[in-house]
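The values are calculated or read from the model by the stated rules, or taken from the named source; none is laboratory data. None of the values given here were measured: they were computed from a predicted structure. Because the Cβ atoms are built from the backbone with ideal geometry, glycine has one as well, and the counts that use them run over all protein chains shown. Surface areas here come from the heavy atoms of the whole protein model, side chains and all, with no ligands, DNA or RNA. Shrake-Rupley method; radii C 1.70, N 1.55, O 1.52, S 1.80 Å.
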Amino acid sequence: MTILSPRGDARTESRGDGGGGAPRLADIAAQAGVSEATVSRVLNGKAGVAGPTRTRVLAALDVLGYERPVRLKRRSAGLVGLVIPELTNPIFPAFAQVIEQVLAGHGYTPVLCTQMPGGATEDELVEQLEERGVTGIVFLSGLHADTSADPSRYLKLAARGVPFVLINGFNEHIDAHFVSPDDRSAARMAVRHLVELGHERIGLAIGPTRYVPSRRKAEGFTEALRALLGAGVEEAEQRVQQTLFGVEGGHAAAGTLLDQGCTGIVCASDLMALGAVRAVRARGLDVPRDVSVVGFDDSPLIAFTDPPLTTVRQPVQAMATAAVDALLEEIDGNPVLGAPPSGSWGRTEFVFQPELVVRGSTAQRR
């Protein structure tokens, strides 16, 4: 049986010889879904292996906890910054993981920059990234999503020749590529789900509407209430509760919506939905027997909450991959589908359809 030696070269030993815990080529091949011959070619640095296949083999090495041979350690194609708001909301690490994986697959080294209360601002992080000579930057839910923020910071960044792409939050004043989920559609499908379960008094808990994703969700929500339940404009707007992002904000907004007699609550994030569940239980009520709750994101582990959370899944893998692809195309100087005929960057937004995932936090209205 061929195994991988500690020196990193492929050698052959009998199946019963052990090998000091080093993974066999068969184990790597099974993990990567390729043949042992392909694994051997990758480990020995030989040509004739497609790029995606080579990446799967290297990923299998990493998963099995084995250090890559020195010959496989390639020089970085450049640094790419990733600026995100925080790590406490699990949807942001989920995005970061996919973005970093895709960048690494293209040979780029990701540099993670996280904004924390009292820490560096987005502008300060960008300045630090530029000082390190980054090849490009990915912004996730940054100031571009805040309609009260000055968009000129991005115009100046583009003028300095730094390629960038923006996720979650469209701004018509910024010439760049944007990647977003369809927030209006997400709110509409959540409302439709609750209406089909017999709920007639439905509320929405969102963050401040100066943020584009919140504003879009509110628009989709009110449209759905008017179309599906015949609610008036004023009534629909009263069912929208702006609050702080997070569990505490969801708890506060849900309390107000419960006072209005709502039996269904749609939340702008999974963390806010968990706060809504807590608010319902604090009143001696049950989820979903008395009140149904819908989240947004489908964050990791959210299927294992009590009850498992019905949520609208944000297509993280597709969005993150599209964002990196758009950034790399700009870095390479190639026009991307959707760019103006001149080939220059335009205000192009790639919108991805979310998916309703029904679990245990929603039920037929009693």
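Go through 84-97, 199-212 and give me the packing order, highest mean Cβ count within 10 Å leading.
199-212, 84-97
How high is the relative contact order of the chain? Use alpha-carbon pairs under 8 Å, at least six apart in sequence, and give a whole percent.
Working: 703 pairs, mean separation 53.8, N = 366.
Relative contact order, the chain: 15 percent.
Quick one: accessible area per residue over the chain, 1.4 Å probe, rounded to a whole number of Å²?
Averaged over the residues of the chain, the accessible area is 46 Å².
Just the ratio, please: alpha-carbon radius of gyration of the chain over 2.2 N^0.38 Å, N its number of residues.
Values: Rg = 24.1 Å, N = 366, 2.2 N^0.38 = 20.7 Å.
Working it through for the chain, the quotient is 1.16.
Among DSSP bridges having both ends in the chain, what percentage is antiparallel? Round to the nearest 5.
20 percent
Order 174-180, 117-123 from most to least packed using the mean count of other Cβ atoms within 10 Å.
With the highest mean Cβ count within 10 Å placed first, the list reads 174-180, 117-123.
Calculate how steeply helix 247-259 sits against the longest principal axis of the alpha-carbon atoms of the chain, using the helix alpha-carbon long axis, and give the answer as 0 to 90 degrees to the nearest 10.
Approximately 30 degrees, to the nearest ten.
Summing Lys, Arg as +1 and Asp, Glu as -1, what charge do residues with Cβ under 11 Å from the Cβ of PRO90 carry, PRO90 excluded?
Details: positive: none; negative: GLU86, ASP270, ASP297, ASP298.
Around PRO90, the surrounding residues sum to -4.
How high is the FRET efficiency between ASP150 and GLN101 when r is their beta carbon distance and R₀ equals 45 Å, given to the nearest 0.05?
Details: r = 33 Å, r/R0 = 0.73.
Result of the calculation: an efficiency of 0.85.
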